[in-house]
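In what follows, a single structure is set out as structure tokens and then discussed.
The values are calculated or read from the model by the stated rules, or taken from the named source; none is laboratory data. Here the structure is a predicted model, which is why all the values come from computation and not from measurement. Quick reminder, even Gly has a Cβ in these numbers, built from the backbone with ideal geometry, and neighbours come from all protein chains shown. With ligands, DNA and RNA removed, areas are computed over all heavy atoms of the protein, side chains included. Shrake-Rupley method; radii C 1.70, N 1.55, O 1.52, S 1.80 Å.
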Amino acid sequence: MFEHFDKPQELFEYKLGTALTMEHDSLNALRELEMASQSEEVRNLFAHHQGETKQQIANLEQAFQLLGVEPDQSPSPTTKGLMKEGAALVAKTDKSLVDSVTLSAALENEHYEIAAYQSLIISAEAMGATQVCDLLKQNLDQEMHTSEELNQAARMAAHAMPAA
Ligand SMILES: [Fe+2]
Ligand SMILES: [Fe+2]
């Protein structure tokens, strides 16, 4: 990979690699969040998004192929930090409240993923990489949809919480 970026294409490939790492981290986080969650509905939500995340990884690998470069993972400290923060709070939280923690951890991760794809799409459009752009838009649509589902589930979990 590059040490110094002076071409948009290099920068884009590096950020695409960050997205690939982000998705691998998300897959790990979703597995952990699924295991920590108490309600079946919440666990199903996390399990479903794991399947989508595997497809997103395949889309990113295909994007690399279209660009004619080997898929490469760039550092993604943010997703590792979010996962660590979520796990630490899960460990400190009673089971009766833990779903609100897992859902908010996932929601934070989704928002990061959404921002990452929005930026990549802007660059891909500017470079005229139409097919790459379409793959990124597929991923973005899934993240937006998941974020909406998490939002609704988090609201339900918050209302179902025991009174203070
Ligand atoms: Fe994702
Ligand atoms: Fe996601």
Quick check on the range 84-96. Is at least one of its residues within 21 Å of I122 (Cβ to Cβ), more than 16 Å from ligand 2 (Cβ to nearest atom) and modelled with pLDDT of 95 or more? no
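Only one residue in T146, T102 is under 20 Å from A47 (Cβ atoms) and either within 13 Å of ligand 1 (Cβ to nearest atom) or outside any helix (DSSP H, G or I) (or both). Which one?
Numbers: T102 fails: either within 13 Å of ligand 1 (Cβ to nearest atom) or outside any helix (DSSP H, G or I) (or both).
Selected residue: T146, the only one of T146, T102 that is under 20 Å from A47 (Cβ atoms) and either within 13 Å of ligand 1 (Cβ to nearest atom) or outside any helix (DSSP H, G or I) (or both).
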Condition check: open to solvent by 20 Å² or more (accessible area, probe 1.4 Å), in a helix (DSSP H, G or I) and of a type outside the set (F, W, Y). Does N59 satisfy that? no
If you go through the range 6-50, how many residues are open to solvent by 60 Å² or more (accessible area, probe 1.4 Å), assigned to a helix (DSSP H, G or I), touching a residue at least 60 places away in the same chain (Cβ under 8 Å) and farther than 30 Å from L66 by Cα? 1
Given the structure, is A154 in contact with a Ser or Thr (Cβ under 9 Å, 6 or more places away or on another chain), modelled with pLDDT of 95 or more and more than 16 Å from L27 (Cα to Cα)? yes
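Does S147 satisfy being in contact (Cβ under 8 Å) with a residue 24 or more places away in the chain, touching a Ser or Thr at 6+ places or on another chain (Cβ under 8 Å) and either within 16 Å of ligand 2 (Cβ to nearest atom) or on the phi > 0 side of the Ramachandran plot (or both)? Step through it out loud before you land on a result.
Values: in contact (Cβ under 8 Å) with a residue 24 or more places away in the chain: yes; touching a Ser or Thr at 6+ places or on another chain (Cβ under 8 Å): no; either within 16 Å of ligand 2 (Cβ to nearest atom) or on the phi > 0 side of the Ramachandran plot (or both): yes.
Against the criterion (in contact (Cβ under 8 Å) with a residue 24 or more places away in the chain, touching a Ser or Thr at 6+ places or on another chain (Cβ under 8 Å) and either within 16 Å of ligand 2 (Cβ to nearest atom) or on the phi > 0 side of the Ramachandran plot (or both)), S147 does not qualify.
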Using the structure shown, decide if Q152 is within 16 Å of ligand 2 (Cβ to nearest atom), polar (S, T, N, Q) and surrounded by fewer than 14 Cβ atoms within 10 Å (Cβ to Cβ). yes
Subset of the range 86-118 (residues that are surrounded by 15 or more Cβ atoms within 10 Å (Cβ to Cβ) and hydroxyl-bearing (S, T, Y)): T93, S100, T102, S104, Y112, Y117
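Look at A58 and say whether it is closer than 19 Å to L140 by Cα, over 12 Å from the mean Cα position of the chain (by Cα) and within 16 Å of ligand 2 (Cβ to nearest atom).
It is true that A58 is closer than 19 Å to L140 by Cα, over 12 Å from the mean Cα position of the chain (by Cα) and within 16 Å of ligand 2 (Cβ to nearest atom).
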Inter-residue pairs, beta-carbon under 8 Å, first in a loop (DSSP other than H, G, I, E, B) and in the range 113-131, second open to solvent by 50 Å² or more (accessible area, probe 1.4 Å) and not basic (K, R), 6+ apart: A129/L66
Can we say E34 is under 15 Å from the mean Cα position of the chain (by Cα), within 16 Å of ligand 1 (Cβ to nearest atom), more than 30 Å from A129 (Cα to Cα) and not hydrophobic (A, V, I, L, M, F, W, C)? yes
